[in-house]
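First the structure, in the form of structure tokens, and then the observations on it.
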Amino acid sequence: MAELNLKDVAKAYGEVRVLSDINLDIEKGELIVFVGPSGCGKSTLLRMIAGLEKITGGTLEIEGEVMNDVPPAQRGIAMVFQSYALYPHMTVRDNMSFALKIAKKSKDEIDAAVNKAAKILQLEPYLDRLPKALSGGQRQRVAIGRSIVRDPKVYLFDEPLSNLDAALRVATRIEIAQLKESMPDSTMIYVTHDQVEAMTLATRIVVLAGGGISQVGTPLDLYERPQNTFVAQFIGSPAMNLMDAEVTGTGQHTTVRTAGGEVTAHVPSADNLMGAKVKLGVRPEDLVVAEDGAPGFVPFDVEISERLGDVTVMYSNTGGAEGKQMVAKLPGIVHVERGTKLALTAAPEKLHLFHKGTSLHYL
């Protein structure tokens, strides 16, 4: 039995359906990350698991017990919010122990739980400080510690790093990863809009879109084998390039014709796709300049060039599907002027093909 099961879960506000047909099994010890565009329902889904939003369809089970009508305090979950929500007049120790005092735990139990959490989060030197004497990252660790002392079945994180500046976000993300390693049996569900957080923290990523689940998989599964064009362009930064193409050869490998010429992708296809209109996908970091005057299959007229030191990111208004901008991400410093015409190519195993929005790998 999985730690947490969502079966046909749905959420509606009156006639407006926000989420539907959410089916997901989360195993004990996983760190699951919900990602998706703004308004896709990822925070709503997290709040439904927490009991802060009513489930309007389907069932939620934690350790085999249906939780739909169980009050939040009895679900065995602890939630870390985007806002730290610390009591400003209480010390770190008092903030972390408050829930245990309300639950009428003994002083010895409370002290043991607080000291254990403080050690895990490296908060021991700050236990007698007020929140105003802490940095943003330290305050967020206190908020996490307040959850740890409760020893819940499931931890819920609702965009916990979005209030931090860039440097603190990186440092705190690393701390959360280390926290998970120190608590391997703890189940965590994490909501974020930040792809880097999702790719670096997750055991599995759940991509939400259009009121449902678009794909579930490990970070590298979603990066290397996106199931559809939405996931292909949502996971990865810059987004995957898509080009209009026509299938000219089928079989274990598929040949397609683009505006820049023919190319063979290591993607299987059925005979009935011969002549079909498809989208050819290639990630910006997989593009390279064709060697020895070869034509390449991506015509690329440089419009803007960004030299970032480790990479050079270039933008072109030619070659993309439906007139969309193309992006190339080349290693090192590349000196190119605006208007330079490049012929770009990519290894056959790095190419993706989509028919009617779905990857040929999944047809």
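In this structure, is Val35 modelled with pLDDT of 95 or more and loosely packed, with under 15 Cβ neighbours inside 10 Å? So Val35 does not fit the description; no. The sole residue among Asp111, Asp158, Asp165, Asp128 that is closer than 24 Å to Lys28 by Cα and of a type in the set (Asp, Glu) is Asp158. Please work out which residue is farthest from Ser237 (Cα to Cα), limiting yourself to segment 293-320 and to residues that are of a type in the set (A, V, I, L, M) and surrounded by fewer than 18 Cβ atoms within 10 Å (Cβ to Cβ). Step by step, filter segment 293-320, then rank; the result is Ala294. Among all positions in segment 344-362, there is at least one residue which is more than 17 Å from Thr258 (Cα to Cα), modelled with pLDDT of 95 or more and in a strand (DSSP E or B). When Thr248 is tested against (1) of a type in the set (Ser, Thr, Tyr); (2) surrounded by fewer than 18 Cβ atoms within 10 Å (Cβ to Cβ); (3) in contact with a Leu (Cβ under 8 Å, 6 or more places away or on another chain), exactly one condition is not met: (3). Among residues of segment 337-354 that are touching a residue at least 24 places away in the same chain (Cβ under 8 Å), those with a Cβ under 9 angstrom from a residue that is of a type in the set (Lys, Arg) and surrounded by 15 or more Cβ atoms within 10 Å (Cβ to Cβ), sequence gap 6+ or separate chain, pair up as Ala346/Arg283; Lys350/Arg283; His352/Arg225; His352/Lys279; His352/Arg283; Leu353/Lys279; Phe354/Lys279. Being over 26 Å from Met326 (Cβ atoms) and either surrounded by fewer than 23 Cβ atoms within 10 Å (Cβ to Cβ) or under 19 Å from the mean Cα position of the chain (by Cα) (or both) is a condition met by at least one residue of segment 251-265.
I need a count of the residues in segment 54-89 that are part of a strand (DSSP E or B), buried (at least 17 other Cβ atoms within 10 Å of the Cβ) and either touching a His at 6+ places or on another chain (Cβ under 8 Å) or of a type in the set (Val, Ile, Thr) (or both). Final tally of qualifying residues: 3. Considering only residues of segment 206-222 that are in contact with a strand residue (DSSP E or B) (Cβ under 9 Å, 6 or more places away or on another chain) and not in a strand (DSSP E or B), which is nearest to Arg17 (Cα to Cα)? Here the residue is Gly211.
Among the criteria (1) farther than 22 Å from Glu3 by Cβ; (2) under 27 Å from the mean Cα position of the chain (by Cα), the one Tyr87 does not fulfil is (2).
Per this entry, Leu45 is not counted among residues that are surrounded by 13 or more Cβ atoms within 10 Å (Cβ to Cβ) and either under 30 Å from Lys132 (Cα atoms) or over 18 Å from the mean Cα position of the chain (by Cα) (or both).
The values are calculated or read from the model by the stated rules, or taken from the named source; none is laboratory data. Every value quoted in this text rests on a predicted model; they were computed, and no experiment measured them. Reconstructed Cβ throughout: ideal geometry from the backbone, glycine too, with neighbour counts over all protein chains shown.
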